[in-house]
Each structure stands twice: as structure tokens, then as C-alpha cells.
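Reading through the C-alpha cells given below for one structure.
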Amino acid sequence: MSADTAEGWAGPLRQSDDGDISFDALFVAVRELVTKLEDRVNELAARVRADVDGLARVIAETRRELRELAPEELRRRHLAVANGELDAVARHLEEATNEILDACEAMERLLEQLPEPRRGPLLAQLTRVYEACSFHDIPGQRIRKVVDSLEEVDRRLRQIRESYRALPARPPAAEEPRSLLNGPALPGQGTPQEEIDALLGHHRNPRR
Amino acid sequence: MAVDRNIPILIVDDYRTMLRIIRSLLRQLDFTNVDEATDGATALRKLREKPYGLVISDWNMQPMTGLELLKAVRADPQLRDIPFIMVTAESRKENVLAAKEAGVDNYIVKPFNAETLRAKIEAVLR
């Protein structure tokens, strides 16, 4: 019979021959019962404490990871830059395609002055250029898809920021290695070539 | 049967550059009576103002998509018989089937060449 059951705990009480329960037997039984209950409570308390400690570690780790992630910095710095760069790529692509189309249309007008036998093969080549220009729509749409994805990431990061407003600020980031100083400037943000030429004109090479 | 090269064609795309490319390719194919619209709503208005013999439309446009334009054209008793070609990067089978169900006459996947454009136009105009 198990000592954990009521029968088990009552065992010492049945040791009296005359059927009476002695004070000593009762004392021993109660003390055993109390000891077992204390052991059980201590065991449960240790288990709960371990679970709570584990939960606290997970929460602390999640907060640390979120702090490292720095959602606001990711949004303001990296996502905004990525969006701007992709916008610029799409714009440059469109501008380049229109330049090519301008040149093709000018050539078409010139070809009209040629006699038919010579014009045909040249027009066929021009058609190939027009066909090649239709590629421009594909990367444009791909870029739009990437921008949509970035906007979704931005939305999720804003949600994280709202959920963890109380997070302490991330320490300033160490200087990052850069493959370029600033990379190509976005339209309207860089220095125009004319200004660069003028600047170089004002600072002539003294060795000349 | 020869195809009438002077048939009025409406091309619809929200990318002006793409409109320009399609117009240039049509010119190479001797289709010179070409008008354009940069969205579905404008296209629908133009179609109701003047008779066109063919619509060549992109799918991905806002606020009215090419598919919505196609459905509006097919639902309009005055416009329902106009041949309609979808020119799009959407090449998934379900897209093609949706266009077919809506009554598209032909479907060109971008990027495309002049020969494909000629073949599809002649197929719907013959």
C-alpha cells in the first residue's frame, strides 16, 4: 500500500492492539503526514519556480533580440533607403528606355528618306530594338513587388514597435564597413555635374 | 483574308513608356490608327465616344484593371463585340483562364515580339 494514500498515512494508527489510538501513534502519523505534505509542496514550488525562471529567461531573451533588431532604426534607415533606391532604379530604367525610344524614332524618320530596298532590313533591326525595349516593364513590375514586400515588413515592424514601446534604446551602432562612400545619389540629392565641373575649375591642380 | 491596317486601335497601359513601345511596334506592323489610354476608366470613356476595331490592354492597372475593363466592355451592349487582346506579365494559368472566362480574344505575355503581336492581331481581326 502506498504511503501517499490515506490508507498509507493511517498505517501507524492501526498498530495499537486494543483498538485505541495512542497519542504517540497519532503524533507520528500527523508528523509523517505533515512531512510528506511539505515535501510535496516544496517539490511543486521548485517546479513552478523553474518554469517561471524559464519563462523570464525567454521574455528577457525576446526583449534583448527585439532591442538588437531595433525596429525603428530598421524602418527609418534601411527600409527607407531601400525604397528610395528601388524607386530610383525604376525611374532610371524608364528614362533610359525613353532615351532609346527617342533615338529609334529619330532613326525611323531618317530611314524614311532611304529607298525601300535599303530601308527594309534597317527597319527590321529597329523593330528588334523596340522589342527589346518591352523588357522594361518586367523589372518595373518586379521592383513594384519588392517595394510591396518592403512595405509589408515596414508594417510589421511598426506593429512590433507599438507592442514594445517601453524597450530601452539600442546603443549607437558601430561604424559599418561600406563598399561605397554613399553610392549613387538619388535624383535631386546629388551634386550636378555642372557644379562638380565648376568646383574642379576653382581648385585647379597646382602642379600645372 | 487581308487585315485592315487602318483599323482604329485603342491601347491601354498605365506605363506611358509601354504605350510608346506598343505604339512603335504597331507602327512597324503598319497599324498607324492608334489611340491610347493610361487607365481602364479612360479607356472605357474613349470606347464609348468613338468606334474602335480593337482594344489591346495591360492587366495590372489602377484603379480599373485590364480584366475589369474587359468585363465592362463585354457587359456593354454597344461595346461587347470589340476584339480585345490582353498584353500582360501575368502568365499564371488561373489569370489566363479568368481572362478567357471574361471573354478575351487573345492573350500576349510580356515580354513579347512584333511577330507575336502581329499574329495575335491578325488572328482576332480575320
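Along region A:61-69 the Karplus relation, 6.51 cos²θ - 1.76 cosθ + 1.60 evaluated at θ = phi - 60°, assigns HN-Hα couplings of 5, 4, 5, 5, 5, 5, 5, 5, 5 Hz to successive residues, with x for each Gly and Pro. Between the beta carbons of A:SER149 and A:GLU99, assuming R0 = 30 Å, the FRET efficiency works out to 0.50 to the nearest 0.05.
Remark: mean inter-chain Cβ contacts per residue of A:23-31 equal 0, using a 10 Å Cβ-Cβ cutoff to other protein chain atoms. Using 0.36 nm per residue and subtracting the Cα-Cα separation, the extra length available between A:VAL48 and A:HIS92 on full extension is 9.7 nm. About its Cα centre, region B:9-125 has a charge dipole of approximately 60 debye under the convention of +1 per Lys or Arg Cβ and -1 per Asp or Glu Cβ, with nothing else charged. Quick one: grab the alpha carbon gyration tensor of region B:1-118, order the square roots of its eigenvalues as a ≥ b ≥ c, and give me rounded if a/c is under 1.5, else prolate or oblate depending on whether a/b is larger than b/c. Rounded is the answer for region B:1-118, as its axis ratio a/c remains below 1.5. Once backbone amide H atoms are built at 1.01 Å from N, B:PHE84 has B:VAL55, B:ASP105, B:ASN106 as its partners under 5 Å, excluding neighbours fewer than 5 places away on the same chain.
No value in this document is a laboratory result; all are computed from the given coordinates. Being a predicted model, the structure only gives us computed values, none of them experimental. For neighbour counting, all protein chains shown are included, and Cβ atoms are generated from backbone atoms with ideal geometry for every residue, glycine included.
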